[in-house]
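Below: one structure, written as structure tokens.
The values are calculated or read from the model by the stated rules, or taken from the named source; none is laboratory data. Since the structure is predicted, the reported quantities are computational estimates derived from the model, not experimental observations. Positions of Cβ are backbone-derived with ideal geometry, glycine not excepted, and every protein chain shown enters the neighbour counts. Areas reflect the complete protein model, heavy atoms only, side chains present, ligands, DNA and RNA absent. Shrake-Rupley method; radii C 1.70, N 1.55, O 1.52, S 1.80 Å.
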Amino acid sequence: MGPNGSGKSTLSYVLSGRAGYEVTQGSATLLGQDLLDMEPEERAALGLFLAFQYPVEIPGVGNMTFLRTAVNSQRKARGEDELSAGEFLKDIRAKAKSLKIDAEMLKRPVNVGFSGGEKKRNEILQMAMLEPKMCILDETDSGLDVDAMKLVAEGVNALRSEGRSFLVITHYQRLLDHIKPDVVHIMADGRIIKSGGPELAIEVENNGYADLLAEVA
Amino acid sequence: MEAARKSALARLQAMGLPQRRDEYWKYTRPDLLITEDVAPAELLILDEAPLFDTVERLKIVFVDGVFDADASDDLSMEGVEISQLKDAPDWAQSLYGVLEENGQTPVKRPLAALNSAKATQGIVIRVFGKASKPVSLIYVRKSETSDVMLHHIIRVEKGADLTILENGPAAARLNTVMEVDIADKGAFHHVRAMGRDHARRAATHIFGRLGHESTFKSFTMTVNGKLTRNEVVLELTGDDAIAHIAGAAMGDGDFLHDDTVFITHDSLNCQSRQVFKKVLRNGATGVFQGKILVKAGAQKTDGYQMSQSLLLDGDSQFYGKPELEIYADDVLCSHGSTTGAIDDEAMFYLQSRGVSKAEAQDLLVLAFLDAAVDEIEDAAIADDIRSRLEGWLARRRD
Ligand SMILES: Nc1ncnc2c1ncn2[C@@H]1O[C@H](COP(=O)(O)OP(=O)(O)OP(=O)(O)O)[C@@H](O)[C@H]1O
Ligand SMILES: [Mg+2]
């Protein structure tokens with residue numbers, strides 16, 4: 001958590017390898033491998049996933065084609081066999097259904113004309129299909145109605161397991177009623193200024209960031 | 001037809017061949033299309049099934065610009081009369097050069113006049129009713145230096161429906177004219193793929209006249225080729241006619257593709273639509289000159305013109321000249337010509353899902369072209385075209 005403009009999305013972008021950032025200090029590793037040296041697609045194949053705060057619309061590329069290309073590119077990069085069209089279809093249908101994404105939406109171009117909430121659910125569908133090791137969810141809850149938030153939380157909880165981590169960026173304690181965090185970090189001005197348990201999120205919800213910012217000032 | 005040829009020659013002599021300084025040839029140098037000597041173009045050997053191979057069609061084969069009866073199917077099909085240009089029946093003789101000559105106003109098209117004056121090979125088709133399968137013109141090329149002229153005459157009779165397919169390397173230098181006369185309620189569909197030999201040059205003209213409630217739809221795919229100038233000149237002379245022209249072109253390196261279109265709306269409630277997409281890299285050049293002329297009285301005209309180019313690097317270039325000239329007051333016309341680069345945001349999104357940079361770029365290129373390919377009505381033919389575009393990209397990727 002952290003105030004607007006504190007650097008949460010920036011951190012997610014840097015970790016996932018978006019162009020335009022220069023890392024001047026520190027390191028980032030996943031499963032013992034140096035992330036910062038890799039192309040975005042290599043990071044993805046290693047297991048990093050970012051659910052975008054603002055998912056990108058790609059006219060002309062079908063959602064299904066996109067996901068199948070993504071799944072198979074990652075499998076290929078890891079030296080695994082590609083999924084057959086049948087296997088892929090079965091998998092995606094089941095997962096889309098649990099997120100209440102209808103088949104028609106899968107045929108449409110990636111995120112084009114999707115509502116805000118549909119875009120966010122589509123991000124979670126991608127995560128479910130790609131089964132990453134490290135998932136960063138950048139404000140996936142914003143724009144979701146109450147029921148959709150529950151669906152998304154269920155989607156996340158279903159993936160929670162040993163060997164898989166989540167970094168959930170949110171402004172609202174509400175989401176954390178559904179996704180129980182192990183640790184809450186507060187970011188301000190590009191740094192983690194405080195870490196604690198779930199109670200830290202409740203403190204932010206009640207009092208805002210003023211006190212926390214004053215503590216470190 | 002001899003009289004028509006003579007008059008075409010006289011017209012050509014009066015107008016002269018295109019020159020570099022001609023306004024209409026500002027972006028495309030005509031030199032290679034008019035020189036006496038024909039530079040060779042190396043034959044490209046491709047190890048893949050020919051385009052349209054799976055389409056049930058009537059095949060008409062030209063080898064280095066000469067009709068090949070043995071390689072062609074029997075020219076008979078129910079409701080369709082097909083003959084060689086040299087055996088053109090009276091109706092075709094009297095149409096020869098007529099639409100071409102109409103299309104010389106207001107802009108001169110000397111290469112088309114040259115074709116009418118000199119061409120001796122071509123096909124003549126007249127269709128009554130719905131043709132049971134497409135007529136497929138296949139241009140085989142065996143000679144390195146073939147300089148070929150073809151002149152086709154097509155008459156779609158009232159309520160008839162015909163699809164023409166064209167593909168094959170054709171010639172080192174190709175000049176084609178297709179005159180298409182569509183009667184009331186007739187429909188003409190055309191899908192073609194330009195020759196893929198890297199050094200080949202081509203200047204093509206389609207002259208169409210559209211009757212009442214008729215339909216004209218043409219799509220062209222161009223990958224490779226040193227120089228391509230495709231002109232489409234249509235006259236919508238009957239009310240409620242529909243004309244769609246689309247093109248998808250991809251060029252890498254020594255490549256110039258020019259789409260030049262002139263559509264005249266001369267009737268009520270007609271619709272015309274142009275969708276041109278070009279992907280250019282390594283110094284390739286794209287040109288679009290498109291004009292919609294709406295004559296006084298052509299009310300309720302709906303004219304749409306879109307030409308977009310995707311430049312994959314800083315060495316490639318695109319010149320666009322979209323024009324509207326409107327003399328009616330109740331019309332809806334939009335036009336645009338844009339040039340852009342690959343969308344970085346979309347690239348990163350795809351890469352962040354594990355898609356390699358090269359593959360992500362290809363996906364975006366195909367997505368960009370798809371609005372043009374989508375104009376093809378027949379889904380199977382459209383998919384065949386898509387697979388060729390994919391193949392072209394994939395060959396460049398590995
Ligand atoms: N490309 C950029 N160039 C310069 N400044 C940038 C750039 N991108 C982001 N910033 C700035 O960096 C700061 C951090 O932005 P970031 O988007 O990471 O914040 P955030 O914590 O995700 O905020 P929010 O909660 O509003 O999503 C902001 O002040 C932002 O304006
Ligand atoms: Mg943010």
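Do any GluC sites (Glu not before Pro) in the stretch A:43-132 lie in a DSSP loop with no more than 12 other beta carbon atoms within 10 Å, and if so, which?
A:80
Just the number, please: percent antiparallel of the DSSP beta bridges in the stretch A:8-216, rounded to the nearest 5.
Looking only at bridges with both residues in the stretch A:8-216, the antiparallel portion is about 50 percent.
Please list, by residue number, every one of the chymotrypsin sites (Phe, Trp or Tyr not before Pro) in the stretch B:251-348 that is coil in DSSP and has at most 12 other beta-carbon atoms within 10 Å.
Sites meeting the loop and neighbour criteria: B:327.
Taking amide H positions as placed in the peptide plane 1.01 Å from N, state which residues far from residue B:213 in sequence (5 or more) or on other chains have amide H under 5 Å from it.
B:185, B:239, B:240, B:241
By accessible area of protein heavy atoms, probe 1.4 Å, what ranking do B:37, B:70, B:258, B:64 get, highest first?
Of B:37, B:70, B:258, B:64, the descending order of accessible area is B:70, B:37, B:64, B:258.
Counting C-alpha atoms alone, how compact is the stretch B:139-221: give Rg to one decimal and Dmax as a whole number, in angstrom.
Both quantities, over Cα of the stretch B:139-221: 14.2, 44 Å.
Taking R0 as 41 Å, what FRET efficiency do you get between residue B:132 and residue B:14 from their Cβ-Cβ distance, rounded to the nearest 0.05?
Step by step, r from the Cβ atoms, then E = 0.40.
With just the Cα atoms defining each centre, how far is the stretch A:90-165 from the stretch B:220-277? Give it in Å.
Taking the Cα centre of each part, the stretch A:90-165 and the stretch B:220-277 sit 43 Å apart.
Report, in listed order, any pair from B:130/B:291; A:8/A:119; A:194/B:357 with a Cα-Cα distance greater than 28 Å.
B:130/B:291; A:194/B:357
Report the longest stretch of chain A that contains none of the trypsin sites (Lys or Arg not before Pro) sitting in a DSSP loop with at most 16 other Cβ atoms within 10 Å.
Longest stretch, sites excluded: A:1-77.
Over the Cα atoms of the stretch B:2-343, Rg to Rh with Kirkwood Rh, two decimal places?
Dividing the radius of gyration by the Kirkwood radius yields 0.94.
Would you work out which of A:62, A:169, A:52 lies farthest towards the positive end of the dipole of the stretch A:8-216, given +1 charges on the beta-carbon of Lys and Arg and -1 on that of Asp and Glu, about the Cα centre?
It is A:62, whose Cα lies furthest towards the positive end.
What fraction, in whole percent, of alpha-carbon pairs in the stretch B:47-143 exceed 21 Å separation?
45
In percent, how large is the relative contact order of the stretch A:8-216, given Cα pairs closer than 8 Å and 6 or more residues apart?
Relative contact order, the stretch A:8-216: 20 percent.
When you have a sec, figure out the Kirkwood radius of the stretch A:1-70 from all distinct Cα pair distances and drop it here in Å to one decimal?
Value: 13.9 Å, from the Cα pair sum.
Set the Förster radius R0 to 41 Å, insert the Cβ-Cβ distance between residue B:396 and residue A:202 as r into 1/(1 + (r/R0)^6), and round the FRET efficiency to 0.05.
That gives a FRET efficiency of 0.15.
How high is the relative contact order of the stretch B:121-201, given as a whole-number percent (alpha carbon pairs under 8 Å, six or more residues apart)?
34
Please calculate the 1.4 Å probe accessible area of residue A:209, with all protein chains present, and give it to the nearest 10 Å².
40
For the stretch B:2-343, with the dipole built from +1 on Lys and Arg beta-carbon atoms and -1 on Asp and Glu ones, taken about the Cα centre, which of B:19, B:245, B:136 lies farthest toward the positive end?
Of the listed residues, the answer is B:19.
Can you give the accessible area of residue A:178, probe radius 1.4 Å, in Å² rounded to 10?
60
Using only the Cα atoms of the stretch A:8-216, what do you get for the radius of gyration and for Dmax, in Å?
Every Cα atom of the stretch A:8-216 included, Rg and Dmax give 17.7, 57 Å.
Going through the stretch A:16-51, which GluC sites (Glu not before Pro) have at most 12 other Cβ atoms within 10 Å and a DSSP loop state?
A:22
Can you run phi through the Karplus equation (6.51, -1.76, 1.60; θ = phi - 60°) for the stretch B:249-265 and list ³J(HN,Hα) in whole Hz, with x for Gly and Pro?
10, 10, x, 9, x, 6, 8, 10, 10, 10, 9, 10, 10, 9, 10, 10, 8
Just how much of residue A:145 is accessible, in Å², when a 1.4 Å probe is used and the result is rounded to the nearest 10?
90
For the protein assembly as shown, take the convex hull of the Cα atoms, compute a quarter of its surface area, and give me that in nm², please.
Dividing the Cα hull surface by four gives the mean projection, 32.7 nm².
Tell me the Rg and the Dmax, in Å, that the Cα atoms of the stretch A:96-181 produce.
According to the Cα coordinates of the stretch A:96-181, Rg and Dmax are 12.4, 36 Å.
Can you give me the orientation-averaged projected area of the convex hull built on the Cα atoms of the stretch B:175-302, in nm²?
In nm², the orientation-averaged hull projection of the stretch B:175-302 is 6.8.
Considering only DSSP beta bridges with both partners in the protein assembly as shown, what is the antiparallel share in %, to the nearest 5?
If I count the DSSP bridges inside the protein assembly as shown, around 10 percent turn out antiparallel.
With no solvent and one point per C-alpha, what does the Debye sum give as log10 I(q)/I(0) for the stretch B:27-70 at q = 0.18 Å⁻¹?
At q = 0.18 Å⁻¹ the computed log10 ratios are -0.91.
Nearest-5 percent of antiparallel DSSP beta bridges in the stretch B:2-343?
Antiparallel bridges make up about 5 percent of those DSSP assigns within the stretch B:2-343.
If Lys and Arg each add +1 and Asp and Glu each add -1, what is the summed charge of the other residues whose beta carbon sits under 12 Å from the beta carbon of residue B:125?
-2
Could you work out the relative contact order of chain B, using alpha carbon pairs under 8 angstrom and six or more residues apart, expressed as a whole percent?
11
Within 10 Å, at most 10 other Cβ atoms, and a DSSP state outside H, G, I, E, B define an exposed site. Report the longest part of chain B free of exposed trypsin sites (Lys or Arg not before Pro).
After excluding every exposed loop site, the longest remaining stretch is B:143-398.
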